[in-house]
Amino acid sequence: MQYQRTLGPLQGMAMTVTTFVGTGLMILPAMSVAQAGSFAFYAWLITATIIVPVAFVFAFLGGRFPSAGGASHYIGKVLGKKAERAVGWLFLSILFVGPAVAIKVAAAYLAVLLNLTESSVFLLSVITLIGMLLFSIAGMKNSANFQTGVVVCLISTVLALFILSGAPFSSNITNRPQSWPELETTLLATGTIFWCFLGIEVMAHMGAEFKNPSRDFPIALLGGIALVVMLYLATVLMIAEYKVYGNEFTNSQSLALLVGSLLGEEARRWFALGAYIIAFSNVGTYILGFARMVQSMASQRAIPQYFNILSNKGTPVRAVSLVGLACLLSLLLVEFFGTQMEWLIEMTNGAFLLIYTLTCITAIKSLESRFRWVAVLATFSCLMMIVFIGQNMLFAVLVFVLAFAWESLKIQNPPMPEDKIHVQ
């Protein structure tokens, strides 16, 4: 199958921005300020600096070896099919820690809209999840365009707020760490901020669709990252200036609280509606993406064939149901154990970081000799982030080791002549 080469650098840059901007903008700036205080601004700069070599690696890999398989394809090319499938299991494991964060953020903004208290968030989360599953099953063809539109509105709103706020940049909200305890506080916040950059591997999947991948893809990815960092930094400055951060519930509603401080109560509720729609469509799209992964794994006999069935509209309904069940279980466990979103975010970051580390290691062998120093630097950057995330890496390592062991030990069944899939 040949992909249509229709993307240029500007379109790719727009896609990069919309990939990285979503629910993260609604909570990460407030969380980083709550963690690092006046050092948060520099924590974002440090994280962006660390991620740039990794972005270069994905840009080079996506440009020179365009593949819809993305990170798992690059890893499998060097480390073999077992590692490639283990990465697939690792992606799937994120279901138990990642979506719950975004669903709770959406529920927090719904609580603002309905003027409800923190105690309502769990019920609103379950209702939101059900809606997201229906959204995914519907398989809306224009969902990507809709999501892009609402994210552009979010970006425009943040820029307008920054202008209205007088572009705050006072010294009391942007202190530079000057001692080891201050630097340690700053570096620990990078473990949370890393969530912002999850999606680099998604952009690598698009390498095959650029008109000139080796030239356009690096420009799109790196130019997009620069715009994203500036947008997040502007939000961090405003949140620090107006002090709309604190506990988990406050952080989840931070942008709505900021709008309320600048424009009043009515504007706050309207913004909460827009933020909820953005989070809803964002997570709904990711749920469908996870479902497609489940269906793909079923077609490869990694999991039961039952989940390989498609509806008449081509939607993996059974896979969506499995994904929904996993998300519901995650929400129940989070509610029962009182798990902090910060912990869930760092667990998710750990899974993606392991995938990025493996990709950078394999890039040392895959890329031409003149680019290998970038792969080495990117690997070192990933190892630095692993140190910052610390023990929350254990989840990702355990899942990958168990998945690799399972793929190594299981008996391969001979493929059937034809899988029975219902497609209209």
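The peptide list 159-165, 13-19, 332-338, 374-380, put in order of mean Cβ contacts within 10 Å with the highest first, becomes 13-19, 374-380, 159-165, 332-338.
A cut-off under 14 angstrom between Cβ atoms defines the neighbours of Thr192, and their net charge, with Lys, Arg +1 and Asp, Glu -1, is -3.
Candidates Ser32, Ile46, Thr362 compared by Cα position along the dipole of the chain: farthest toward the positive end lies Thr362, with charges placed on Cβ.
Solvent-accessible area assigned to carbon and sulfur over the chain amounts to 66 percent, based on a 1.4 Å probe. Counted by Cβ distance under 14 Å from Leu124, the other residues give a net charge of -1, where Lys and Arg count +1 and Asp and Glu count -1.
A simple count of charges around Ser408, restricted to other residues whose Cβ falls under 14 Å of its Cβ and scoring Lys, Arg +1 and Asp, Glu -1, yields +2. Here the chain is treated with +1 on each Lys and Arg Cβ and -1 on each Asp and Glu Cβ, and its dipole about the Cα centre works out to around 1240 debye.
Here the sum of -39500 (n - 2.57) over DSSP H runs of 4 or more residues, divided by the residues of the chain, equals -24500 deg cm²/dmol at 222 nm, to the nearest 500.
Quick one: helix 317-337 against the long Cα principal axis of the chain, what's the angle to the nearest 10°, folded into 0 to 90? Its long axis makes an angle of about 40 degrees. Short-range pairs are left out: with C-alpha atoms under 8 Å and at least six residues apart, the relative contact order of the chain is 34 percent. Each residue, Phe336 and Ile130, gets one label point 7 Å from its Cα in the Cβ direction; the gap between the two is 2.1 nm. Convex hull volume of the C-alpha atoms in the stretch 219-289, normalised per residue: 115 Å³.
Its residue count N sets the reference 2.2 N^0.38 Å, and the alpha-carbon radius of gyration of the stretch 200-337 equals 1.41 times that reference. Taking only the alpha carbons of the chain, we obtain Rg and Dmax values of 21.1, 68 Å in that order. Each semi-axis of the equivalent ellipsoid for the stretch 32-95 is √(5λ) with λ an eigenvalue of the Cα gyration tensor; in descending order they amount to 31, 17, 8 Å. Each Lys and Arg Cβ is given +1 and each Asp and Glu Cβ -1; about its Cα centre, the stretch 307-388 then shows a dipole of about 440 debye.
Derived scalar couplings between HN and Hα for the stretch 228-234 equal 4, 4, 4, 5, 5, 5, 4 Hz in order, rounded to whole Hz, by the Karplus curve 6.51 cos²θ - 1.76 cosθ + 1.60 (θ = phi - 60°), x for Gly and Pro.
Using the charge dipole of the chain (Lys, Arg: +1 at Cβ; Asp, Glu: -1 at Cβ; taken about the Cα centre), state which of Thr190, Gly62, Gly260 has its Cα farthest towards the positive end. With unit charges placed on the Cβ atoms, the residue in question is Gly62. For the stretch 157-165, backbone phi angles converted through the Karplus equation (6.51, -1.76, 1.60; θ = phi - 60°) give residue-by-residue couplings of 5, 5, 5, 5, 5, 5, 5, 5, 6 Hz, Gly and Pro being listed as x. Of the residues Ser119, Phe380, Val158, the one whose Cα sits farthest towards the positive end of the charge dipole of the chain is Phe380 (charges of +1 on Lys and Arg Cβ, -1 on Asp and Glu Cβ, taken about the Cα centre). Spatial offset of the stretch 223-299 relative to the stretch 307-360 amounts to 19 Å, using the alpha carbon center of each.
Note on Trp373 and Leu263: the model spin-label points, each 7 Å out from Cα along the C-beta direction, lie 4.8 nm apart. Lysine pairs in the chain whose alpha-carbon atoms fall under 17 angstrom of each other, counting only those eight or more residues apart or on distinct chains, come to 6.
The values are calculated or read from the model by the stated rules, or taken from the named source; none is laboratory data. From a predicted model like this one, the values you see are computed outputs, not experimental measurements. In this analysis, Cβ positions are derived from the backbone assuming ideal geometry, glycine residues included, and neighbour counts consider all displayed protein chains. Heavy atoms of the whole protein, side chains included, go into the accessibility calculation; ligands, DNA and RNA do not. Shrake-Rupley method; radii C 1.70, N 1.55, O 1.52, S 1.80 Å.
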